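*Asks:* Let me begin by handing over the structure; questions about it come next.
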4 protein chains.
Amino acid sequence: MISPGQELPIGPQVVHVGHVCIGGPQKTLMCGPCAVESEDQVEKTAAFLSQVGIPIMRGGAFKSRTSPRAFQGLGREGLELLVKAARRHGLLTVSEIMDPRDLGFFSDRVDMLQIGARNMQNLALLREVGRSGKPVLLKRGFMSTVEELLLAAEYVLREGNQEVVLCERGIRTFEPLTRNTLDLACVALVKRMKPLPIIVDLSHSLGRTDIMVPMAKAALACGCDGLMIEVHPNPVKALSDGKQSLSFQGLANLLNDIEPMLRHVEGNSP
Amino acid sequence: MISPGQELPIGPQVVHVGHVCIGGPQKTLMCGPCAVESEDQVEKTAAFLSQVGIPIMRGGAFKSRTSPRAFQGLGREGLELLVKAARRHGLLTVSEIMDPRDLGFFSDRVDMLQIGARNMQNLALLREVGRSGKPVLLKRGFMSTVEELLLAAEYVLREGNQEVVLCERGIRTFEPLTRNTLDLACVALVKRMKPLPIIVDLSHSLGRTDIMVPMAKAALACGCDGLMIEVHPNPVKALSDGKQSLSFQGLANLLNDIEPMLRHVEGNSP
Amino acid sequence: MISPGQELPIGPQVVHVGHVCIGGPQKTLMCGPCAVESEDQVEKTAAFLSQVGIPIMRGGAFKSRTSPRAFQGLGREGLELLVKAARRHGLLTVSEIMDPRDLGFFSDRVDMLQIGARNMQNLALLREVGRSGKPVLLKRGFMSTVEELLLAAEYVLREGNQEVVLCERGIRTFEPLTRNTLDLACVALVKRMKPLPIIVDLSHSLGRTDIMVPMAKAALACGCDGLMIEVHPNPVKALSDGKQSLSFQGLANLLNDIEPMLRHVEGNSP
Amino acid sequence: MISPGQELPIGPQVVHVGHVCIGGPQKTLMCGPCAVESEDQVEKTAAFLSQVGIPIMRGGAFKSRTSPRAFQGLGREGLELLVKAARRHGLLTVSEIMDPRDLGFFSDRVDMLQIGARNMQNLALLREVGRSGKPVLLKRGFMSTVEELLLAAEYVLREGNQEVVLCERGIRTFEPLTRNTLDLACVALVKRMKPLPIIVDLSHSLGRTDIMVPMAKAALACGCDGLMIEVHPNPVKALSDGKQSLSFQGLANLLNDIEPMLRHVEGNSP
């Protein structure tokens, strides 16, 4: 239990990724495909994201798949495709790093390093990204407590890197109607303790798109600093996680619905 | 899994408790102490609730406590105290019934029968309240799936009672910082399937008051039809659950913060 | 947490059901169908159980089913069928009671009252069986901690009934290959604290029969006082839980495999 | 779900670590401290283990601690101390590797590479140990399903390393009396599917020593191929996990109690 007297991993309240401030009055959106699949896919996606004003493009090149028989991502080639497409359209990039030996390759290319849920307690990786100068997006493990998430972040902070954004993405429970159970109390607790900005990954927590609008509103209402949402030119044909990815039209609709909540921060009384 | 072709427990979308419509454009608040403790306590609480415009007063007379050594409630005398105080101030009442043999006593007094989380699958009780003409507030068991909650509601509906309101109150997980993990996707799913109104019990799900404002906003933002919140004239001295009860001032502050969200229903695009 | 200084619900270490001692050197087996379906079914089962030396026959007449559309049991008629068949073959009976108003009917017929997992915290029912003179088999709720199980037992003990046997039957987790996760540490903890005898329900915890032999051995090895196993003349045609029920031949094989472990209690060093 | 028709990661049924066969008729014990703390500590432990016939010594040099403020292990120096002490007494060694860049250092020293629960889905590490010729002990993540464990093992097998032993060490649930919930059905399922040997880590699953004897018996009875047990010369002063470590006398008592179960494999009927 985190108790009042205990030293907390206090980092800065605002993290800068390029020109974007995460943790300030403006909510930050990160969108893109689960996995980079082709030049055509990322080009179309980057063009669309740019058009609707999403500043940061996500896309997995190295995929942490449960099964070795599943699509493992395009690797370094995939990362190059993602970054080229994003740059053509003036977007920043975030992508998951899985191996500490890939740090140099990633640092030269992406704007933000993502630590995936399965690697939240991969201490070698945490320390390595802590020694880089890159902003880090640290996802909560689906079996990890809020305190464990904060302690994992502290592994990064202790190496000298203060640019850490947390990400709530659902925890594993017995409820089967959603892929994981989105724990918005995690967001409220983190915002109350104020150590670091926190965003919500709607796609991985829900695993379905039909309740994404109300859950996006809930996430924003409880104070998160941004949203991560998977989008794909053709979700039905996606090589991974198509079921939880929005189409371009779906994302446009969602943006329209949540637009009033992106512009300002509502004050919560103390 | 609930599949499209399957028969769903479709009840009315609006449930009437006295003059209050649950499930309509106005959000419904139910507040009061965890347990009825004394005439003074319920009188002060009823007076305050009336003053701030809360229409339904809650209060436990028969308490479903984990330990037989804990305060078990004042029983029938407690229910009388609750109802008298509420009536003096023009409030409606909801209180938990635990024994099917108490139905007559409850029906003559309260306006809404509550089935607690531990009794969500107490079929004898579900059938008994299903045969009464009283509105029912059915709480989700803390280790029950959304589908199981809907099937429990169906036990009530099948006996002829269509006046059922569901209540999400958190599920049991490994996360210790909150008493339970509030599963707002349950609310979004129920509202999408539209069988019955659903409210959120913030006090039991969170077990703490310091994040109640942002979580109330999140619950309302994702479309719930109302909130249940515990309030006590002196939470520190409460005989049960004081830690999760707001003071009168705390409730007034919360109402002030969420007021803009109580007035209208925001449309979620399909 | 149960701490050393705390008052524990200490009951007798041996519970008598007819001529059978539960909690003594001999392990006790309780077998029979999930649900009583017909006179033929219980007659065949009773004859077989008698032949292989099982002393207590189980069978559900009132079924606590998740869905109101599922088979709900034959009710009072089912209980009569169970008891008649058992008596014809010299067997004792245990069956689940769900409604406190049925106590008289059950007490006149069965030898042991079962409280099902979904009713472990149905306090009206616990108190009612606590006022009867009948031995009680109290199943652990699939969402309940070991401490909550002991406190539920204490509700029975406090009414004056010391004849309580606990039953571990698996808890709800994220693991899908078994119906529930059998928590044998519960058995070891209960035996260490020594308040009450405890048996293991293999059928409901596993939900499958192919690993029943090794799990029966594990349960006996860690010190449980008996086993509950579902058996059906024709599991494929069972109206409920056929997938987890053994055939007569399957039970005979299992008994053969575990026979050496039923005869004596191995001492565990302190 | 693993279905009959699906390709399973079938490895050898026996894994050789030095002269020790894991998965054969003899059960294999691996004991030692949670963390290597000093030369004196590992020397005393190795001497004792050799005396009581334990063939494999465990000891953490690189510790995967939740908090960066906790003792992180002695690192490379610690591994050297462990290996020297073990060799002096003719013992084999197993120790956790956390960083793929440490593979060469580990391979030159230890006899078996351990992948810890937090790294079960660290794919870079799984692939790296898969490319080594060393036997691997793969621990189940505390919130991973049995199928996910088998798929993680498949990442190692696919790189050409068939020498993989699985380890059940408890899963995270809501039950607080044990550190994790030991899921012995995992052992029975793995033994039934027969892909790989599996042992049980009693210390991490239970987090307490008072029920270790009955749980060791249960683990052996359901067919596991060995046990991992933490032992420390002075558990009260251990720098990590002292609460779950046996003293030398405690281990000697346990060995005495389980001795009859280590000698032969009991046949389970099909």
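*Asks:* Enumerate the pairs (first residue in the stretch C:235-247 and under 12 Å from C:Ala35 (Cβ atoms) and of a type outside the set (A, V, I, L, M, F, W, C); second residue anywhere and at pLDDT 90 or above and in a helix (DSSP H, G or I)) with beta-carbon separation below 8 Å, excluding pairs fewer than 6 apart on the same chain, so at least 6 apart or on different chains.
*Replies:* C:Asp241/C:Ser203; C:Asp241/C:His204; C:Gly242/C:Pro235; C:Gly242/C:Val236; C:Ser245/C:Ser203; C:Ser245/C:Pro235
*Asks:* Here's another thing I want to ask about it. Give the number of residues within the stretch C:45-70 that are within 13 Å of chain B (Cβ to nearest Cβ) and assigned to a loop (DSSP other than H, G, I, E, B).
*Replies:* The qualifying residues number 9.
*Asks:* Restrict the check to the stretch C:145-159 and report whether at least one residue is of a type in the set (S, T, N, Q), crowded, with 22+ Cβ neighbours inside 10 Å, within 14 Å of chain D (Cβ to nearest Cβ) and under 15 Å from the mean Cα position of the chain (by Cα).
*Replies:* No, the conditions are met nowhere in the stretch C:145-159.
*Asks:* Filter the stretch D:71-82 down to the residues that are crowded, with 24+ Cβ neighbours inside 10 Å and among the aliphatic types (A, V, I, L, M), then identify the one that is farthest from the other protein chains (Cβ to nearest Cβ).
*Replies:* Applying the filter and picking the extreme gives D:Leu82.
*Asks:* State all residues of the stretch D:208-243 that are out of contact with any Asp or Glu (no Cβ under 7 Å at 6 or more places or on another chain) and in a strand (DSSP E or B); if no residue qualifies, say none. Break it down into steps so the answer makes sense when it comes.
*Replies:* Kept after step one, since they are out of contact with any Asp or Glu (no Cβ under 7 Å at 6 or more places or on another chain), are these residues of the stretch D:208-243: D:208-212, D:214-227, D:229, D:231-238, D:240, D:242-243.
Scanning the stretch D:208-243 gives D:Gly226, D:Leu227, D:Ile229, D:Val231.
*Asks:* If I go through the stretch B:128-159 residue by residue, how many of them are of a type in the set (D, E, K, R), in contact with a strand residue (DSSP E or B) (Cβ under 8 Å, 6 or more places away or on another chain) and not in a loop (DSSP other than H, G, I, E, B)? Outline the logic, then answer.
*Replies:* So in the stretch B:128-159, the residues of a type in the set (D, E, K, R) come out as B:128, B:131, B:134, B:139-140, B:147-148, B:154, B:158-159.
Add one more test, that the residue is in contact with a strand residue (DSSP E or B) (Cβ under 8 Å, 6 or more places away or on another chain), and what stays is B:134, B:139-140.
With the extra rule that they be not in a loop (DSSP other than H, G, I, E, B), the set shrinks to B:139.
Here the count works out to 1.
*Asks:* Filter the stretch C:208-240 down to the residues that are surrounded by fewer than 24 Cβ atoms within 10 Å (Cβ to Cβ) and of a type in the set (Lys, Arg), then identify the one that is modelled with the highest pLDDT.
*Replies:* Selected residue: C:Arg208.
*Asks:* Within the stretch C:160-175, track down each residue that is touching a helix residue (DSSP H, G or I) at 6+ places or on another chain (Cβ under 8 Å), of a type in the set (Asp, Glu) and either in contact (Cβ under 8 Å) with a residue 60 or more places away in the chain or not in a loop (DSSP other than H, G, I, E, B) (or both).
*Replies:* Matches in the stretch C:160-175: C:Glu168 only.
*Asks:* Now for a separate question. Looking only at the stretch D:69-104, which residues are at pLDDT 95 or above and of a type in the set (D, E, K, R)?
*Replies:* The answer is D:Arg76, D:Glu77, D:Glu80, D:Lys84, D:Arg87, D:Arg88, D:Glu96, D:Asp99, D:Arg101, D:Asp102.
*Asks:* Still on this model: Could you check how many residues of the stretch B:161-196 are more than 7 Å from every other protein chain (Cβ to nearest Cβ), in contact with a Lys or Arg (Cβ under 9 Å, 6 or more places away or on another chain) and of a type outside the set (D, E, K, R)?
*Replies:* Count: 6.
*Asks:* Somewhere in the stretch D:85-105, is a residue within 14 Å of chain A (Cβ to nearest Cβ), outside any loop (DSSP other than H, G, I, E, B) and touching a strand residue (DSSP E or B) at 6+ places or on another chain (Cβ under 9 Å)?
*Replies:* Yes - at least one qualifying residue is present in the stretch D:85-105.
*Asks:* May I pose another question? Counting only residues that are farther than 23 Å from A:Lys191 by Cβ and aliphatic (A, V, I, L, M), how many does the stretch B:211-240 have?
*Replies:* 5
This table checks each residue for (1) under 19 Å from D:Leu166 (Cα atoms); (2) touching a helix residue (DSSP H, G or I) at 6+ places or on another chain (Cβ under 9 Å); (3) within 13 Å of chain C (Cβ to nearest Cβ).
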residue: D:His204; (1), (2), (3): yes, yes, yes
residue: D:Gly207; (1), (2), (3): no, yes, yes
residue: D:Met212; (1), (2), (3): no, yes, yes
residue: D:Leu220; (1), (2), (3): yes, yes, yes
residue: D:Gly223; (1), (2), (3): yes, yes, yes
residue: D:Met228; (1), (2), (3): yes, yes, no
residue: D:Lys237; (1), (2), (3): no, no, no
residue: D:Ser245; (1), (2), (3): no, yes, no
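*Asks:* Also: Right, D:Leu91: under 17 Å from the mean Cα position of the chain (by Cα), within 24 Å of D:Val15 (Cα to Cα) and either surrounded by 22 or more Cβ atoms within 10 Å (Cβ to Cβ) or free of Cβ contacts under 8 Å to residues at least 40 places away in the same chain (or both) or not?
*Replies:* Here the answer is yes, as D:Leu91 does meet what is asked.
*Asks:* Within the stretch A:111-127, which residues are more than 14 Å from chain D (Cβ to nearest Cβ) and part of a loop (DSSP other than H, G, I, E, B)?
*Replies:* Once the filter is applied, which keeps residues that are more than 14 Å from chain D (Cβ to nearest Cβ) and part of a loop (DSSP other than H, G, I, E, B), the stretch A:111-127 yields only A:Asp111.
*Asks:* Right, another one. Evaluate the stretch B:105-114: report whether one residue or more is over 19 Å from the mean Cα position of the chain (by Cα) and either modelled with pLDDT of 95 or more or farther than 21 Å from C:Ala117 by Cα (or both).
*Replies:* Taking every residue of the stretch B:105-114 in turn, at least one turns out to be over 19 Å from the mean Cα position of the chain (by Cα) and either modelled with pLDDT of 95 or more or farther than 21 Å from C:Ala117 by Cα (or both).
*Asks:* Mind checking which pairs have a first residue in the stretch C:117-137 that is touching a residue at least 40 places away in the same chain (Cβ under 8 Å) and a second that is among the aliphatic types (A, V, I, L, M), Cβ under 6 Å, 6 or more apart or different chains?
*Replies:* The qualifying pairs are C:Asn119/C:Leu125; C:Pro135/C:Val15; C:Pro135/C:Val17; C:Pro135/C:Met112; C:Leu137/C:Val94; C:Leu137/C:Met112; C:Leu137/C:Val165.
*Asks:* Residues of the stretch D:176-207 being of a type outside the set (Ser, Thr, Tyr), surrounded by fewer than 24 Cβ atoms within 10 Å (Cβ to Cβ) and in a loop (DSSP other than H, G, I, E, B), which ones?
*Replies:* D:Pro176, D:Leu177, D:Arg179, D:Asn180, D:Lys194, D:Pro195, D:Gly207
*Asks:* Turning to a different aspect of this structure: Please state which of the following conditions D:Ala252 fails to meet, knowing it meets all the rest: (1) crowded, with 24+ Cβ neighbours inside 10 Å; (2) within 13 Å of chain C (Cβ to nearest Cβ); (3) of a type in the set (A, V, I, L, M); (4) outside any strand (DSSP E or B).
*Replies:* So D:Ala252 meets the others, but not (1).
*Asks:* What about A:Val52, is it at pLDDT 95 or above, surrounded by fewer than 24 Cβ atoms within 10 Å (Cβ to Cβ) and under 20 Å from A:Leu166 (Cβ atoms)?
*Replies:* For A:Val52, the condition - at pLDDT 95 or above, surrounded by fewer than 24 Cβ atoms within 10 Å (Cβ to Cβ) and under 20 Å from A:Leu166 (Cβ atoms) - is not met.
The values are calculated or read from the model by the stated rules, or taken from the named source; none is laboratory data. Quick caveat, the model's predicted, so the values are computed rather than measured. With ideal geometry, Cβ positions are generated from the backbone for all residues, glycine too; neighbour counts draw on all protein chains shown.
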